[in-house]
Amino acid sequence: MANHKSAIKRARQSEERRLRNRASKTQVKNVVKRVRLAVAGDSAAPKDLDQAKSVIAKATKKGALHKRTAARKISRLSRLMNKRSA
């Protein structure tokens, strides 16, 4: 456990950030799953993809996801949706 005042503060900040990032990442996972299930169930709606893009972009902006990870997720979802509608 941290002993110095600054180390205690850093530990507290890290824990708060970890919880915030975990919430964002969980939200991303849920929205990606929703899109994949929609595509698999023949009800692939573009609004699901738009919502997923928005959630992923927000998580990236907050720093929970890396920029390239977000781009990869969006690209794969878009490709899946386009393949399904073609």
Positions within the stretch 23-50 being modelled with pLDDT under 90 and either farther than 13 Å from MET81 by Cβ or of a type outside the set (A, V, I, L, M, F, W, C) (or both), in sequence order: GLY41, ASP42, SER43, PRO46, LYS47
Answer with yes or no whether LEU80 is within 16 Å of SER24 (Cα to Cα), touching a residue at least 40 places away in the same chain (Cβ under 8 Å) and hydrophobic (A, V, I, L, M, F, W, C). no
Which pairs turn up if I take residues in the stretch 42-63 that are in contact (Cβ under 8 Å) with a residue 40 or more places away in the chain and small (Gly, Ala, Ser) and look for partners that are surrounded by 14 or more Cβ atoms within 10 Å (Cβ to Cβ) and in a helix (DSSP H, G or I) with beta carbon separation below 7 Å, at least 6 apart in sequence or on another chain? ALA44/ALA38; ALA44/MET81
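The values are calculated or read from the model by the stated rules, or taken from the named source; none is laboratory data. Source: prediction; values computed, not measured. Counting neighbours? That spans all protein chains shown, and the Cβs are built from the backbone with ideal geometry, glycine included.
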